[in-house]
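The values are calculated or read from the model by the stated rules, or taken from the named source; none is laboratory data. Every value quoted in this text rests on a predicted model; they were computed, and no experiment measured them. Every residue, glycine as well, gets a Cβ built from its backbone with ideal geometry; the counts of neighbours run over all protein chains shown. In case anyone asks, the SASA skips ligands and DNA or RNA and just uses the protein heavy atoms, side chains included. Shrake-Rupley method; radii C 1.70, N 1.55, O 1.52, S 1.80 Å.
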Amino acid sequence: MSITEAFFVSLFTEMFGVPLTIYFLSSFFGVPLSPDPMHGHLLAATLAIWGLWSLEVGVFVVMVVSIVILLVAAYLIIDGWRAVYHGEGGLVTTRLYAYVRHPQYLGIILGSIAFLIQWPTIPTLLMFPILVFAYHRLARREEKELTERFGDKYLSYRKRVPMFIPRFLRRSTLEQ
């Protein structure tokens, strides 16, 4: 494309929220997507192309699922922050922290998953594992600091409470 065409494509993409991934998939792989907001929900469009349901039903399902995940993510971030704030510098092991050691980071990861469900793009799909790795690394670094600060009290907490995935969501074989 010429610079002018590229400019208009990027401008309209930004204005109407249609990912450039649609143009890539349509042009290079012949996937029947049109540059409209409904086809921007690539998961819904894919399932409609496969004949599982209509595009409208797919968009509704994708939006409901992603919004539910976003609400859970927001709760994890807000309530996690609230617990730490009210902990006043002490070791917080109650509320969400009784189930996972890093509820706020789990919330950020879940929120990212929700956006991937709503509007997956090639760049976001490539960046997601990097985001997860970065938060895992940050959590490990914070755990070293907490071990230095709280010692055996933190180590005991760390043995009881999983990092990101609550025990009640794990299969019993993983708990052992």
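The table below lists the values:
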quantity: Whole-Å distance, taken between Cα centres, linking the stretch 39-69 and the stretch 84-100; calculated: 37 Å
quantity: Under Karplus coefficients 6.51, -1.76 and 1.60, residue-wise ³J(HN,Hα) of the stretch 89-94 in Hz, glycine/proline x; calculated: x, x, 6, 8, 10, 10
quantity: With every protein chain in place, the stretch 83-176: carbon and sulfur % of accessible area (1.4 Å); calculated: 61 percent
quantity: Per-residue HN-Hα couplings for the stretch 120-127 [Karplus 6.51, -1.76, 1.60; θ = phi - 60°; Hz; x = Gly/Pro]; calculated: x, 10, 4, x, 5, 5, 6, 7
quantity: Accessible area of Arg82 in the full protein assembly, 1.4 Å probe (Å², nearest 10); calculated: 100 Å²
quantity: The stretch 66-81 - phi-based ³J(HN,Hα) in whole Hz, Karplus 6.51/-1.76/1.60, Gly and Pro as x; calculated: 5, 5, 4, 5, 5, 5, 5, 4, 4, 4, 4, 5, 5, 5, x, 4
quantity: Förster radius 41 Å - calculated FRET efficiency between Thr46 and Arg158, Cβ distance, rounded to 0.05; calculated: 0.50
quantity: Mean accessible surface per residue for the stretch 102-144, computed with a 1.4 Å probe while every protein chain stays in place, in Å²; calculated: 56 Å²
quantity: Contour excess over end-to-end distance, with Cα ends at Glu143 and Ile165 and 0.36 nm allotted per residue; calculated: 6.3 nm
quantity: The stretch 68-150: C-alpha gyration tensor shape, a/c 1.5 cut-off, then a/b vs b/c; calculated: oblate
